Structure formats: structure tokens, C-alpha cells
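See below for the structure under consideration.
The values are calculated or read from the model by the stated rules, or taken from the named source; none is laboratory data. Keep in mind that what you see is a predicted model, and the values were worked out from it rather than measured. Note that we place each Cβ from the backbone using ideal geometry, even for glycine, and neighbour counts take in every protein chain shown. Calculation scope for accessible area: heavy atoms of the full protein, side chains included, ligands and nucleic acids excluded. Shrake-Rupley method; radii C 1.70, N 1.55, O 1.52, S 1.80 Å.
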Amino acid sequence: MAWARRPDAWAWELVDGSGRTIIGTDACLLQVQPYSEGLAWVSREPAGGWHAIDTRNHVVVPGGFDDVRPFRHGVAPVRHAGWGAVDKHARLVVPTKWRRFAATRFAIPPAT
């Protein structure tokens, strides 16, 4: 699947490999980011207003965030007044109060 915007359209649409429309311009998506871990950040506003949707255009993570980054290992950095992180269940797992934020993957060794 890929986001596409036709030359005569003002909004983005999601199309599959054969060009069939999955999410049409009637969704009024002005900003889009690629899917990662089954979710894509989109916005109906020219700046900010980000929320995450699945491939059926169901809102999974509401928010209206000012800025967002892709999901990695179930968590995505988000900015709303400051940077924090949200999980794929719309839970704020790191408060949005940080000047900068980077997520890394680490492993906790098993108990012996």
C-alpha cells in the first residue's frame, strides 16, 4: 500500500498495489506518514492535529499531536507541549514534558 495524491486532488488517498483505493480523498487527509507496525499518522489539518489510523481508517490513537514519529517496538514519540511517547493502545507511556525524546530498544536479562 502507498499514500498517493492525484494532481487534481487536495487530499491524500491510500491505494494498494493494483491502484485500488483503500482510503479515499473523502477522508480529507492533508498530511500522512507511512504505515509502521500497522498504523499510520495522519492529519486533517495543514499543521499538527496528528492521530494514528489503521488500514480501514479507524482511529486507533486519537490525539491532535503537534508532531509525531513512527511506531517502533509498539511505541511512538509524540509532541504536545513537549515530547513523550504513546503506545499502540493510545496510552501515554511517557508524559509529554521533555525537550527531546528518543526511543531505543533494550532487553532485560531473565531472572536466574
Practice task
Identify the residue in the range 10-54 that is open to solvent by 50 Å² or more (accessible area, probe 1.4 Å) and of a type in the set (Ser, Thr, Tyr) and, among all such residues, is nearest to Ala90 (Cα to Cα).
Solution key: Tyr35
Problem - Tabulated pairs, the range 34-45, first under 10 Å from Val60 (Cβ atoms) and in contact (Cβ under 8 Å) with a residue 12 or more places away in the chain, second open to solvent by less than 10 Å² (accessible area, probe 1.4 Å) and not in a strand (DSSP E or B), C-beta under 9 angstrom, 6+ apart or interchain - result: Gly38/Phe71; Leu39/Phe71
Practice task
For residues that are in a strand (DSSP E or B) and surrounded by fewer than 14 Cβ atoms within 10 Å (Cβ to Cβ), scanning just the range 55-66, find the one that is modelled with the lowest pLDDT.
Solution key: Gly64
